[in-house]
Amino acid sequence: MNGFVIMVDFRLKPGARSDFRRLIDENARASCRDEPGCRRFDVLESPSDTDRIVLYEIYDDRAAFQAHVNTSHFARFNEASADLVADKKVTELNLVCEGSAA
């Protein structure tokens, strides 16, 4: 099973979690619904750090991810969330074994 994985570790500004979650949840749902190359888009919260949100995204390939960053829903999210984010770290990975696959 091949795939292109993006992990994004967001450090939010204090008090921004609720607004950020509304925006990222909308982006995640639109990505899975509207992008054929988006196979997974999980939004993860830290139970001990309310200012940390992590994304785990799987795309068919790098081209599918590039198509994602060119969508209008990504542009809306990126612009609307910019003032809520203190820092973010993006990691690109290749999916080499999917544990849930038969």
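Readers should treat all values here as calculations from the given coordinates under stated rules, not as data from a laboratory. Since the structure is predicted, the reported quantities are computational estimates derived from the model, not experimental observations. Methodologically, a virtual Cβ is constructed for each residue, glycine included, from the backbone with ideal geometry; neighbour enumeration extends over all protein chains shown.
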Six or more apart or on different chains, Cβ atoms under 7 Å: show the pairs whose first residue is in the range 89-101 and closer than 15 Å to Tyr56 by Cα and whose second is polar (S, T, N, Q). Leu95/Asn2
Take the residues of the range 13-71 that are of a type in the set (A, V, I, L, M) and free of Cβ contacts under 8 Å to residues at least 24 places away in the same chain: which is farthest from Ala86 (Cα to Cα)? Val69
